[in-house]
Amino acid sequence: MFIQGVLQAAILVVLARALGVTEYGGFVAAAAFITLLVPLAGMGCGFLLVRDSARNHQLFPEAFGRSLIILAMTALPLIVLALAVGHFILPSQVSAAAILALAISELIFAPASELVARAYQAFELTGRMAFFRAALFAVRLIVLAFLWLTTRITTTSAAIAYAGSSIIVAIVALALVARELGVPEFRLNGILEGMEDGFHFSVNYTAFRMNSDIDKVMLAKLASPATAGFVGAAFRLMQGVMLPIRALLEAGYARFFNAGVQGTAATINLARKWLPLPLAYSVLTGVGIFIFAGLAPVLLGQDFGSSVLVLRWFAPYPVVALLHYGLDTMLTTSNRQRFTARVMLAGAVINVGLNFWLIPILSWKGAVLSAYCSELVIVTAYLGALLLSSGTRPMIAD
């Protein structure tokens, strides 16, 4: 995951320096818009793949085949939706070709690679999982760096580079997982049940992506593409240094699912062993972000100077994000995905509403404040649910 963070940071540097703050703002707005649709591509099938395969490895071929079918069924309509809606909500500099390329990348082939990573996660082969996740960013960086050195990168060519790299990695990853873990079995029976089960995972993840990325889309429209550019760059840098937190939690995801069969109390006991290290890291990360924020223009270019102040406003965010990730993992793996979906959706609605109100008044500061308010609501609700259910017997899905 550290390597993945470095690769993502390198991609950010290449794109920021090649595109400049205004054009990068258009690109990051388009990528954020497509990202909002990503959780609906597959309807949470990746989480179901981990859940079912972790509890019974013999179910993997059927679970993997079902996940691929659901991904194919849901991705194509989403691509059409992205093209239809993107034209109206994205800056004029973002072409239809760029939207299509990003949609193909992020709604079909990148999710296919993620399914492969999830497959290895279910078998607790975290090294393999990390490798395939990093491979996508490595190929993407190579393609973008080649374009940067040989020609002028545009929003459209960057989007096409994303699509090409996703296609290459997905084909190789699917071939390898079939050889190492098992060939997927494609059966139509159980598809609707799988989509129903995954719906709440999908809603949860959709709301999570909205909380993370909707402000970039709204900043591009309500403020300016340049504002979306330096805020998006700052947020991507922060996300990069937070990747080890996610890695530590995801490394134990299969164990959390197994503990969740026994109820919330079991997941809390497991979390007590896992969380001290991520908590210490998140505190140190926040301090480091505040101290070293001034290096952002050195990495990204002088027109990203405003990213410095944005990073400092985000300095407490790693601790907040850890609480969110940790509590969400504990509840979701205890069959509380319906509850977490409702809470995340409520948080996303609050975030969007506050952005509409605060961005025209406070610009990017309004977006940051909206993010903190939304996270506070989510963490408070999650914590309350855990405290209320920690002494109960094992739970069925709510």
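The values are calculated or read from the model by the stated rules, or taken from the named source; none is laboratory data. Every value quoted in this text rests on a predicted model; they were computed, and no experiment measured them. Glycine also receives a Cβ, built like all others from the backbone with ideal geometry; neighbour counts cover every protein chain displayed. The accessibility values were calculated without ligands, DNA or RNA, using every heavy atom of the protein model including side chains. Shrake-Rupley method; radii C 1.70, N 1.55, O 1.52, S 1.80 Å.
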Some residue of region 135-154 being crowded, with 23+ Cβ neighbours inside 10 Å, of a type in the set (Lys, Arg) and farther than 25 Å from ALA30 by Cβ: no
Residues of region 67-99 satisfying the condition of being open to solvent by less than 50 Å² (accessible area, probe 1.4 Å) and closer than 30 Å to PRO184 by Cα: SER67, LEU68, ILE69, ILE70, LEU71, THR74, ALA75, LEU78, ILE79, ALA82
Only listed residue being hydrophobic (A, V, I, L, M, F, W, C), modelled with pLDDT of 85 or more and buried (at least 19 other Cβ atoms within 10 Å of the Cβ), chosen from LEU49, LEU40, LEU19: LEU19
Among the residues listed as VAL287, VAL283, VAL308, VAL298, the single one being modelled with pLDDT under 90, β-branched (Val, Ile, Thr) and either within 30 Å of THR22 (Cα to Cα) or open to solvent by 20 Å² or more (accessible area, probe 1.4 Å) (or both): VAL298
Residue in region 112-132 that is modelled with the lowest pLDDT, counting only those that are open to solvent by 20 Å² or more (accessible area, probe 1.4 Å) and either part of a loop (DSSP other than H, G, I, E, B) or under 18 Å from ALA163 (Cβ atoms) (or both): GLU124
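For region 324-343: of the residues being closer than 26 Å to ARG55 by Cα and among the aliphatic types (A, V, I, L, M), which is modelled with the highest pLDDT?
Filtering first and then ranking leaves LEU327.
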Qualifying residue in region 327-345 (condition: closer than 16 Å to ILE214 by Cα and aliphatic (A, V, I, L, M)): yes
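Being open to solvent by 10 Å² or more (accessible area, probe 1.4 Å) and outside any helix (DSSP H, G or I) narrows it down to one residue among ALA315, ALA346; which is it? Lay out the reasoning, then the answer.
Details: ALA346 fails: outside any helix (DSSP H, G or I).
Of ALA315, ALA346, the one residue that is open to solvent by 10 Å² or more (accessible area, probe 1.4 Å) and outside any helix (DSSP H, G or I) is ALA315.
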Region 218-260, residues that are among the β-branched types (Val, Ile, Thr), open to solvent by less than 10 Å² (accessible area, probe 1.4 Å) and modelled with pLDDT of 85 or more: VAL231
